[in-house]
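Everything on this sheet refers to the single structure shown next.
The values are calculated or read from the model by the stated rules, or taken from the named source; none is laboratory data. Everything numeric in this text was worked out from a predicted model, so none of it was measured. Heads up, the Cβs are rebuilt from the backbone with ideal geometry, glycines too, and the neighbour counts pull from every protein chain shown. The area values use the complete protein model at the heavy-atom level, side chains included, leaving out ligands, DNA and RNA. Shrake-Rupley method; radii C 1.70, N 1.55, O 1.52, S 1.80 Å.
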Amino acid sequence: MTTSTLELTNKPGRRSASFCYDALARGDWNGETVLALGRVQVDPKIPGDHVISISRPEAVNPVKLVDRLPEEHWDRPLCMVLPREAGPDQGRAARRLQMRVLWRRYHGVFNQWAVQTNPEPVRPLLRGLKDPSRSLHQLGNYPWLLRYPLADQLAGTRPRVPVLILVGGPSLNNILPRLPELAVHCAVICIARTLRPCLEAGVEPDFVVQYDTNPEQAQFYEGLPRLERTTLVALSTAHVRPYADLFRGMLFRGSFGKKFLPNTYMMREGVESSLIACLGLAEVLHAPQVFVAGTDLSWPVGGWRYGEQPSGEQGRDTLPAGDQRVFPHAGMNVRLRRRDGLTVESNWNFVAAAVKAGDAAREIAAELGTAFHALGDETLLEEDVFPTAGRENVSALPALDRPALLECVDQALNVREEIHLDELFDYLKTGEQKLSSMGDLFMLRRMDPAERPKLRNDLFVRMLQNFRGACWMRGMNDPVEAAGRFIRLWQQRHAEAAKLTLAHMLVNKGLPLPLLCRADEQPVLLRALERYIPGGQYNVRLVVPFGKKKTSATEFDDLDLPALLEGYGLVLVSPTVRERYQYFWALAPDEKVICLDWFACP
């Protein structure tokens, strides 16, 4: 086999690809799916069901080809056999086909990313999720899930505003100095990684899209001020709880459970990149024009994907002159040319994002007539879908009527989705009780010397391997101890979500909720509660310091606490009151108490 210096190995793993020039012999084949492009030779001794042979890439429709190939092709590593030289036309055609194949290979890997198949006893609790951490995130998001609507409510207002999407490629730095000027003419959509650069450039974005569920993403929001003119658009399973209240409000991509919130709307998205969800939001806004920046989807040779200075290898053009094809490099990495002609490194994830973004843009353009543009050629996006535009093209647009856009946003944020609260409450309480029983059994097994050795294969221990997040993915020091903590946390999150659901049910029935707080806390707590549970009525009881005499029926002291819990199905407690009477709450029936610091009240 004649190989390139870029080839990783002749024995790639499942999540890798390699290539060779001109011919592949049976002795050099290691069970891969073979993609033979152009006039090349594949040893006939290699099984035909492992070979995809395309002699004329320019005559093939990549979408139709990939769609009709058997699924088993995507479960194996990939080997590409390429002619040593490819003409410009054939090179471009081969590139389109290679990128579509790598997009499909990425999906094959992504769909099998979960290490463990979740056992039957916990599947109803996960509601189709493979990653248990997403269930924890979703349960923690109930203060907002029960309050804010899906993104179709904004689509219904038909804002029809041009959009500027900012994602995190190094070329974004070329746009930031002129961002204030560009933002005059477009609604600005950014992601977590580009929010702070946007603010540092002097622009508060109109929308932040939080599609990534990795909990480490919360670090991008640390220390930021409240953004009164910015709306967060998120997955229900994203870890938004730490920063959700920074924003004007929230819109969700889709329902957190069709049984409870039957609205079937789903904003366009893709597992490949947050860029696809940003395009989905542009579709929601009925944008006539969309400009994208920072869509490099690559990094300089010898550099790092997040933009640090590359090593001395930068500038080494290791590809044949003018060659547009894609060359597997290392693991899931590739090398190829960007639109500006620079040889760059990328990975299957970014290649797949470029393919998916092209598909999404074509579909949106066909439906809405939207025109898409890339602000610069430092990108892997297809030029026929995202032609290059200059910043002057944005500046030539009329000034954006932001007050009108905010009116549309507020109209959407004030919509209350139809949620079946009774069914949701029953589901959450049932989950809480199941997890309580499972947790008790788990603890008994830990105490039994005969059972302890078997716990390493317990279903909850195995589930930890599917957790998304850098610290979780690297494993736990003591997975058995971690599994016990996970069960307790999962049970607690079900209990918290159930109590909040009960609060909404009582408000919907017109029943007042008791609120225990200090006098100086009352105004701000009532404002916060109106934000979370609009229309609620509250019987406010003000705490009297120990040893002080009560002067009205609206006051209470420590002696009143048992009667208050006995008289109400649910009691709201301020952080100060919880702290003052912690000794009481520790033994009180927790299912009756909501501490307001749980959903970010001051």
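The orientation-averaged projected area of the convex hull spanned by the Cα atoms of segment 66-109 comes to 3.4 nm². For segment 18-147, carbon and sulfur atoms together expose 49% of the accessible surface, with a 1.4 angstrom probe and every protein chain in place.
Rounded to the nearest 20 debye, the dipole size of segment 247-306 about its Cα centre is 320 debye, using +1 on the Cβ of Lys and Arg and -1 on the Cβ of Asp and Glu.
Evaluated over the Cα positions of segment 350-395, the convex hull gives a direction-averaged projected area, one quarter of its surface, of 3.3 nm². Its Cα centre serving as origin, the chain has a Cβ charge dipole (Lys and Arg +1, Asp and Glu -1) of approximately 860 debye. To the nearest ten degrees, helix 421-447 and the longest principal axis of the Cα atoms of the chain are 80 degrees apart. The residues of segment 358-506 expose, per residue, 50 Å² of accessible area to a 1.4 Å probe. Packing around the peptides 580-586, 153-159, taken as the average count of other Cβ atoms within 10 Å per residue, puts them in this order, highest first: 153-159, 580-586.
Accessible area per residue for segment 59-130, computed on protein heavy atoms with a 1.4 Å probe, is 49 Å². Which entries of LYS64/LYS130; LYS130/LYS592; LYS258/LYS429; LYS64/LYS356; LYS434/LYS509; LYS429/LYS592 show an alpha-carbon separation above 20 angstrom in the structure shown? Over 20 Å Cα-Cα: LYS64/LYS130; LYS130/LYS592; LYS434/LYS509. For segment 42-135, the Stokes-Einstein estimate of translational diffusion at 25 °C and a viscosity of 0.890 mPa s comes to 153 µm²/s, using the Kirkwood hydrodynamic radius over alpha-carbon pairs. Taking label positions 7 Å along the Cα-Cβ direction at both PHE546 and ASN174, the computed distance is 6.7 nm, reported to one decimal. Averaging the Cα positions of each part gives two centres, and for segment 200-278 and segment 468-547 these lie 21 Å apart.
Compactness of the chain is given as radius of gyration and Dmax, 27.9, 96 Å, from Cα positions.
Each residue of segment 509-602 gets 102 Å³ once the volume of the Cα convex hull is shared out per residue. Surface composition of segment 491-555: carbon plus sulfur atoms hold 55% of the accessible area, using a 1.4 angstrom probe and ignoring ligands, DNA and RNA.
Of the solvent-accessible surface of segment 172-252, computed with a 1.4 Å probe over protein heavy atoms with every protein chain present, carbon and sulfur atoms account for 50 percent. Between helix 348-368 and the chain there is an angle of about 80 degrees, using the helix long axis and the longest principal axis of the Cα atoms.
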